[in-house]
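Asks: After the C-alpha cells below, expect a handful of questions from me.
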Amino acid sequence: MPPRLRSPNFPCAATSSPSIRSQPTAHRSRASREFSQTTCQHATLRRRRFYDWLNGHGSLLKEPLPGSTNYLGAYDRYGNLVRAPPGWTRKTQEEEVKVEEPKTDEAEAEPDKETPEGQEAVDELEMAVRREEEKNKDTRKQKDDDKLPPETAEDLRPFPLNKHFRSQPVLSEELREAIYRRVARDGASVSLASVEFGVSNERVGAVVRLKQIEKEWIAQGKKLALPYAKAVLAMVPTTPYIDPSLPSNKGKRPITHEAINDLIVHPATRQQLFVPVSESRQFTRVDAGKAFDNDLLPADDRIPHPELVQAERDIASGLSLQQRRQLAEERMEQELERKKQIELKRQEALKRVKTVSGRRWDFVFEDVSVESVGRDGRSAKGVGWRYGFPHEDRKKGQVKIPTKVEA
C-alpha cells in the first residue's frame, strides 16, 4: 500500500521547532471612560421645555402669594392662578408698597385758604362730599378686584398628577399659643380645651408639651428657627385662631381643625360576629359591646368626649339653654369628684407600701393581715390566694354546667 501524502497547506500539529518561542503580543489597554465636563452643545426638547417653564410661570413660585399656599396644583399649565377672577393681575412688591403708602389729598397739601365770609359755600361742600364718595367707591371696587377668593380643594394639591391627595391644614402659631395659655395658665383640662378649640386630645397634649419646651429654650437663651417656621407656615394651609375677646369676633364659633370625637377601633371589634337576637328584644350598643367582649364599654362611653353625646340628648329633649348649662355643670362636678376619689385611693395605696430601691430591682413591702382571706380562705384580698389552694373543678358534687347566661 503506497504511503499517504500530507498536504503542504496544513502543517502538522505534532511537529514543533524548539528554537521558536511564542512571543507575547502587546494589546492596547482599554482606556477608562471619560465623562465630559463641558456643557451640552445641543439643547434637547425636554431641556428647552424645562427652561421655558423655569423662566416663565415657574418663576412665580419663587415668591408665594401672602396668605396662600405655594402648590403647583393652584396654577394651570400656562401659569395662571386657577381661582383668580377674570382680569386679576399679580402685583409686584414695588406696586404693593406704593398701594400701601398713604396718599395725601391735594386739598390737604395746600394751605387752608380762608373764605371772605369765614366758611365754605354750600355748593363746594356738596361737590367735596360727592368727590369723596366716588373716590371711596373706586377704592372699594379696586380692592374687590384685587381680592382673591378663598382656596379651594384644587389649590391644596401639591402633586398635580395625584388628584386624590389634599394637603391638610396645620395649627397656626396664634392658635398654639392660645391652647397653651388655656391649659397652662388658666388650668383648663385637656378635654375642655379640645372642645373649645376643635382640636383632638392628643394634639392638645402635644402642643402643650412642645410649647413648654419652647419656653424653656427661650429662658435658657437658645436660638429658635423662627424665620424657617414663619416661611413654612406661610406656604401651607393653617387653621386660624378666632379670638372671642375681640368685638369683631362676637358670636363667632372657633374653626374646627379636625374631628375630635372619632371612635377608636378596639381590637376586640375586628372580628365578625353573628348574634341571634329575639324580635321582642331591643339590641342596644351596650349589648353590642358585650357581644364582642364582656368588659367592652359601649361606643357612647369609649369616644373621647362622651359629654357631647349627653349635650345633644339634652337639646333633643327640648331643655332650655339655662337648664342644659346647669346639667352640664353638674355632670362636670361629678366627673371631677370621681377623678378626685380615684386619685385619693391611689395616694392611699402608695402610703400603705414601702419601696426600697435596689441596684437592679425595687423591693415593695406591704403590711398584710391573716384575716383578710375571709371565712372560706378564698377571698381575693388575702395574700397568696392564687397559690397553694387547688381548684374544685374535678371535685365530686360540684356543678360544672353554667346555671345562667349573661346577655
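Asks: Answer with yes or no whether residue 191 is open to solvent by less than 60 Å² (accessible area, probe 1.4 Å), at pLDDT 75 or above and touching a strand residue (DSSP E or B) at 6+ places or on another chain (Cβ under 8 Å).
Replies: Details: open to solvent by less than 60 Å² (accessible area, probe 1.4 Å): yes; at pLDDT 75 or above: yes; touching a strand residue (DSSP E or B) at 6+ places or on another chain (Cβ under 8 Å): no.
Against the criterion (open to solvent by less than 60 Å² (accessible area, probe 1.4 Å), at pLDDT 75 or above and touching a strand residue (DSSP E or B) at 6+ places or on another chain (Cβ under 8 Å)), residue 191 does not qualify.
Asks: Can you pull out the residues in region 237-255 that are polar (S, T, N, Q) and either outside any loop (DSSP other than H, G, I, E, B) or under 26 Å from residue 64 (Cβ atoms) (or both)?
Replies: The initial filter retains those residues of region 237-255 that are polar (S, T, N, Q), namely 238-239, 245, 248-249.
Within region 237-255, 238, 239, 248, 249 qualify.
Asks: If you don't mind, there's one more thing I want to ask. Do you know which residues across region 263-296 are free of Cβ contacts under 8 Å to residues at least 40 places away in the same chain and not in a loop (DSSP other than H, G, I, E, B)?
Replies: 267, 268, 269, 270, 285, 286, 288, 289, 291, 292
Asks: Could you list, in sequence order, the residues of region 263-297 that are farther than 30 Å from residue 239 by Cα, exposed (fewer than 10 other Cβ atoms within 10 Å of the Cβ) and of a type outside the set (S, T, N, Q)?
Replies: Selection gives 267, 270, 273, 274, 276, 279, 281, 295.
Asks: Tell me the residue from 371, 343 that is open to solvent by less than 100 Å² (accessible area, probe 1.4 Å) and either among the polar types (S, T, N, Q) or not in a loop (DSSP other than H, G, I, E, B) (or both), please. First the steps, then the outcome.
Replies: On the way: 371 fails: open to solvent by less than 100 Å² (accessible area, probe 1.4 Å).
Answer to the selection: 343.
Asks: Which residues, taken from region 230-245, are more than 20 Å from residue 155 (Cα to Cα) and within 16 Å of the chain's Cα centre (by Cα)?
Replies: 241
Asks: Something else about it: Which condition breaks for residue 260 when tested against (1) loosely packed, with under 15 Cβ neighbours inside 10 Å; (2) in a loop (DSSP other than H, G, I, E, B)?
Replies: (1)
Asks: Can I ask one more? Taking into account only those residues within region 194-211 that are in a helix (DSSP H, G or I) and over 14 Å from residue 182 (Cβ atoms), which is most open to solvent (accessible area, probe 1.4 Å)? Please lay out each step first, then the result.
Replies: Initially, region 194-211 is screened for residues in a helix (DSSP H, G or I), giving 194-197, 201-211.
Pick out the ones that are also over 14 Å from residue 182 (Cβ atoms) and you get 202, 206, 209-210.
On the way: 202: 127, 206: 35, 209: 149, 210: 116 Å².
Per the stated criteria, the residue is 209.
Asks: Here is a follow-up. Residue check, residue 223 against (1) in a loop (DSSP other than H, G, I, E, B); (2) of a type in the set (D, E, K, R); (3) surrounded by 11 or more Cβ atoms within 10 Å (Cβ to Cβ), all met but one. Which one?
Replies: Unmet condition: (3).
The values are calculated or read from the model by the stated rules, or taken from the named source; none is laboratory data. Since we're looking at a predicted model, the values are computed, not measured. So basically every Cβ, Gly included, is an ideal-geometry build from the backbone, and we count neighbours across all protein chains shown. Accessible surface is based on the protein model in full, side chains and every heavy atom, while ligands, DNA and RNA are left aside. Shrake-Rupley method; radii C 1.70, N 1.55, O 1.52, S 1.80 Å.
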